[in-house]
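Worksheet for the structure shown next.
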Amino acid sequence: MYSLEAAIVHYWQRKTLSEEELLEAADVGRVVYRIWIGFAGFALLILCLSLGAQPNDERPQVAAAAKIVSVPADGQ
């Protein structure tokens, strides 16, 4: 009689592919294309978020930091 854990492991072993089957099924061109599409989508997301963000002069923390005048350490 199987325990639940043994039954799950047996089920997944039947469903997974061996290393040889994975290497045979991998189409390098398709993999590179999908990675390229993923990077392009990520870059587009970053671009949209940066364009949609508030300008720095409207954010009080950034505006205050821009107005700070540095003073030399010796106090002159």
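Once both labels are modelled 7 Å past Cα along the beta-carbon direction, what's the residue 42-residue 7 spacing in nm?
Output for this residue pair reads 4.0 nm.
Once fully extended, how much extra length lies between residue 50 and residue 34, figured as 0.36 nm per residue of separation less the alpha-carbon to alpha-carbon distance?
Full extension of this stretch gives 3.3 nm more.
Just so you know, all these numbers are worked out from the coordinates, no wet-lab data involved. Everything quoted here is computed from the prediction, not taken from an experiment. Glycine also receives a Cβ, built like all others from the backbone with ideal geometry; neighbour counts cover every protein chain displayed.
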